[in-house]
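Have a look at the structure below before the remarks.
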Amino acid sequence: MNVLTVDDLTADELETVLERAADYKADGAPEAMAGRTLAMIFEKPSTRTRVSFETGATQLGGHAVFLGPDDIHLGRGEPVRDTARAVSRYVDVVMARLFDHADVVEFGEYATVPVVNGLTDAAHPCQTLADLLTIRERFGGFDAEVAWVGDGNNVCQSLVLGAAMVGLELTVATPPEHAVDGDVLDRAAELGAAPETTTDPEAAVDGADVVYTDVWVSMGEEGDRDRKLEAFEAGGFRVDDALAGDRTVMHCLPAHRGEEVTDAVLESDRAAVWDQAENRLHAQKALLTYLLG
Ligand code: CP
Ligand code: NVA
């Protein structure tokens, strides 16, 4: 089984993973990866994903192999499918952070061990697991209203699907040219409910308990930086004191202070970001033990 998007899990499986993550956080995790190896393939940089997966594997009694862009032949033209088949002959599970979502899909098709998406341009399911765990901890469940204010790409799209699966009320504000994919909205509707969408951040946060944002310029989009900054700036997408109010503030990190979020907001008690970051560890350990059986 692969987890390339949140909805590769059923709603029941998602609930199981979140329960397990909470148990591991409270009581510690078993050494369920003893003698087993996780390969971690990164085409893009990472702080949280790399450290939480590697530490998670160690805490589960297993081993993790870090494979950065300059470490393996994938970075110099060996096809995704060949990498997937070869690596599968050595390791028990793979986490891959690739640019193109189609590449992680191809990796999953050719791998013979479970593959977890550690972020592509279209999805970040591991982030959503941690985010749902964080919301559940803070609100005692999913009876909360979340406003997304930012880019409608990977982190947002996974949250849209995860929210639909657990019944979390979500409103998504993006600039019109950075909206969530129609396919993701359709899948969310089938899973439970598609979020309300708007281009007005103030309308989105009205009545919300949580405001969630992400960088305006994602990894790989640096060439588009000026145009994107202008779109988000002009649309009023910065989460500052006025927009945040007394709401819980979430951010997948890394944050670009002064762009999508102010320093004051990020340093305030409203910010749940360090819990989100910690919960990556617990959620991913739960996912790994679920996938490894
Ligand atoms: N949120 C997240 O995935 O962070 P990294 O890019 O540091 O892994
Ligand atoms: N949207 C961001 C998320 C980083 C975790 C990016 O893709 O760079």
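Quick notes on this one:
- Against the chain, whose longest principal axis is taken from its Cα atoms, helix 154-166 shows a tilt of about 90°.
- Separation of alpha-carbon centers, region 56-82 and region 116-151, rounded to whole Å: 25
- Put a plus charge on the Cβ of each Lys and Arg, a minus charge on the Cβ of each Asp and Glu, and nothing anywhere else: the dipole of region 129-233 about its Cα centre is then about 320 debye.
- Max mean-square fluctuation residue, GNM over the chain, Cα-Cα springs under 10 Å, options VAL149, VAL239, VAL217: VAL217
- Electrostatic bookkeeping for TYR290 treats Lys and Arg as +1 and Asp and Glu as -1; over the other residues with beta carbon under 10 Å from its beta carbon, the sum is +1.
- Computed from Cα positions, the angle between helix 11-27 and the longest principal axis of the chain comes to roughly 80 degrees.
- Sorting the segments 264-274, 102-112 by their mean number of nearby beta carbons within 10 angstrom, highest to lowest, gives 102-112, 264-274.
- Positive-end residue, region 45-200 charge dipole about Cα centroid, Cβ charges, pick of THR112, TYR90, GLY140: TYR90
- Oblate is the label for region 28-101, because the ratio a/c of its alpha-carbon gyration tensor axes (a ≥ b ≥ c) is 1.5 or higher and a/b is not greater than b/c.
- Shape call, region 109-166: gyration tensor on alpha carbons, a/c limit 1.5: oblate
- Only one residue of LEU60, LEU14, PRO79 has its Cα farthest out toward the positive end of the dipole of region 1-91, where Lys and Arg carry +1 and Asp and Glu -1 on Cβ, and that residue is PRO79.
- Highest mean packing comes first when the peptides 256-262, 167-173 are listed by Cβ atoms within 10 Å, giving 167-173, 256-262.
- When peptides 137-145, 3-11 are sorted by average Cβ neighbour count within 10 Å, with the highest value leading, the order is 3-11, 137-145.
- Cα gyration tensor, region 99-234 - rounded (a/c under 1.5), prolate or oblate: oblate
- Convex hull volume of region 161-206 per residue (C-alpha atoms, cubic angstrom): 58
- Sequentially through region 272-289, phi angles give Karplus couplings (6.51, -1.76, 1.60; θ = phi - 60°) of 9, 5, 6, 5, 4, 4, 4, 5, 4, 4, 5, 5, 6, 4, 5, 5, 4, 5 Hz, Gly and Pro residues having no value and appearing as x.
- Cα-based helix-to-principal-axis angle, 125-139 vs the chain, degrees rounded to 10: 50
- Within the shell defined by Cβ-Cβ distances under 14 Å, the residues around LEU74 carry a net charge of -3, with Lys and Arg each +1 and Asp and Glu each -1.
- Pairwise FRET efficiency - THR10 versus ALA203, Cβ, R0 = 25 Å, nearest 0.05: 0.15
Bear in mind these aren't lab numbers, they're just calculated from the coordinates by the rules spelled out. If you're wondering where the values come from, they're calculated on a predicted model, not measured in any experiment. In this analysis, Cβ positions are derived from the backbone assuming ideal geometry, glycine residues included, and neighbour counts consider all displayed protein chains.
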